[in-house]
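Engineer: Submitted below is the structure of interest, expressed as structure tokens.
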């Protein structure tokens with residue numbers, strides 16, 4: 001009797017290790033940057049242009065960020081430089097920072113900013129060792145960093161994309177606040193057909209990673225066999241090993257028997273990806289019921305988090321309105337105050353009347 005496998009499909013550590021397998025490989029990472037990073041300069045990036053520097057930054061930044069990857073991408077041969085563009089003749093590269101998320105994290109912009117500052121400070125120290133006092137020169141520049149959030153969750157990504165949106169009363173300082181945005185690559189924003197159309201190994205890995213419930217598994221099975229298998233036609237053996245590890249972790253997490261799991265996984269080495277599950281017996285109805293219950297629990301949790309966020313924002317707005325009314329009351333009539341706060345805070349007439357009434361009653 002085969003051992004019962006633990007239910008791991010929603011285990012963050014399992015998801016993190018899958019992400020590390022994908023983005024830790026330079027071939028898969030170069031394909032990801034070409035296909036999914038919305039940057040023209042990266043459209044032709046090759047594996048040899050990429051150096052993985054995660055070990056240099058991730059452990060120093062936090063012991064809990066094992067799934068994040070930092071890549072140094074050499075763009076020198078893709079950039080046409082005019083004479084004098086790079087007077088210091090420093091390395092020309094982009095640092096690609098890939099944050100892996102399985103659920104919405106509202107403070108991700110600040111997390112990424114800390115990462116970026118850490119990388120730039122480290123770069124400055126490195127350049128200072130080679131060229132003393134170089135950072136004080138007028139023409140010294142820091143390398144560009146492309147921050148990417150790779151999001152595998154099913155729910156909509158609702159975290160602010162601009163760091164300034166995390167600053168209280170941002171409208172007071174406007175352009176004097178730090179503004180930067182990260183790029184969002186949502187796994188579930190792409191249909192299986194869109195991923196398959198890319199025709200490369202990273203998209204196949206993303207198709208495997210996309211399987212979170214039995215409906216996803218059924219959708220994968222329904223993909224055209226020939227189109228799926230054509231992707232692996234010229235795939236090197238070590239990339240097939242990565243695909244094997246991704247699929248094995250997935251199937252064990254879905255409590256498949258060990259012999260069925262290994263039978264399915266063996267199809268990868270045979271390059272028969274489209275027939276992964278032809279010998280697998282699987283209780284789809286039972287798994288659907290389990291998936292619906294898990295989705296319901298996830299939805300409730302996301303709803304609670306969103307409710308807390310909305311409540312906080314509403315409280316801050318009410319406080320700002322109250323303070324503004326109190327300030328205006330020294331010079332203006334009730335009618336003039338109402339007109340001002342309706343315009344400033346986008347309130348209806350009824351909301352403005354209520355706000356003014358509450359302040360003066362208090």
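Engineer: Among the residues of the range 85-99, is there at least one that is crowded, with 18+ Cβ neighbours inside 10 Å and modelled with pLDDT of 85 or more?
Structural biologist: Within the range 85-99, not a single residue is crowded, with 18+ Cβ neighbours inside 10 Å and modelled with pLDDT of 85 or more.
Engineer: Still on this structure, please answer the following. Would you check which residues across the range 34-51 are part of a helix (DSSP H, G or I), at pLDDT below 90 and loosely packed, with under 12 Cβ neighbours inside 10 Å and list them?
Structural biologist: Answer for the range 34-51, where residues must be part of a helix (DSSP H, G or I), at pLDDT below 90 and loosely packed, with under 12 Cβ neighbours inside 10 Å: just 40.
Engineer: Restricting the search to the range 321-362, which residues are within 16 Å of residue 171 (Cβ to Cβ) and over 42 Å from the mean Cα position of the chain (by Cα)?
Structural biologist: 327
Engineer: Against the condition at pLDDT below 80 and surrounded by fewer than 16 Cβ atoms within 10 Å (Cβ to Cβ), how does residue 259 come out, does it pass?
Structural biologist: Yes: the conditions hold for residue 259.
Engineer: If you go through the range 319-362, how many residues are exposed (fewer than 13 other Cβ atoms within 10 Å of the Cβ), under 26 Å from residue 106 (Cα atoms) and modelled with pLDDT under 80?
Structural biologist: Number satisfying all stated conditions: 1.
Engineer: Take the range 159-216 and flag every residue that is loosely packed, with under 14 Cβ neighbours inside 10 Å, closer than 22 Å to residue 115 by Cα and touching a strand residue (DSSP E or B) at 6+ places or on another chain (Cβ under 9 Å).
Structural biologist: If the condition is that a residue be loosely packed, with under 14 Cβ neighbours inside 10 Å, closer than 22 Å to residue 115 by Cα and touching a strand residue (DSSP E or B) at 6+ places or on another chain (Cβ under 9 Å), then 179 is the only one that fits.
Engineer: Where in the range 160-235 are there helices (runs of 4 or more DSSP H), lying wholly inside it, with at least 2 residues that are under 24 Å from the mean Cα position of the chain (by Cα)?
Structural biologist: By residue number, 192-198, 201-209, 214-221.
Engineer: Take the range 113-141 and flag every residue that is over 30 Å from residue 165 (Cβ atoms), part of a helix (DSSP H, G or I) and in contact (Cβ under 8 Å) with a residue 12 or more places away in the chain. Can you show your working first?
Structural biologist: Taking the range 113-141 as the starting set, the residues that turn out to be over 30 Å from residue 165 (Cβ atoms) are 125-140.
Now restrict to residues that are part of a helix (DSSP H, G or I): 125-130, 134-136.
Across the range 113-141, the qualifying residues are 127, 134.
Engineer: Does residue 309 fit the bill of being at pLDDT 65 or above and not assigned by TED's automatic domain parsing to the domain that holds residue 264?
Structural biologist: The answer is no for residue 309.
The values are calculated or read from the model by the stated rules, or taken from the named source; none is laboratory data. Every value quoted in this text rests on a predicted model; they were computed, and no experiment measured them. Because the Cβ atoms are built from the backbone with ideal geometry, glycine has one as well, and the counts that use them run over all protein chains shown.
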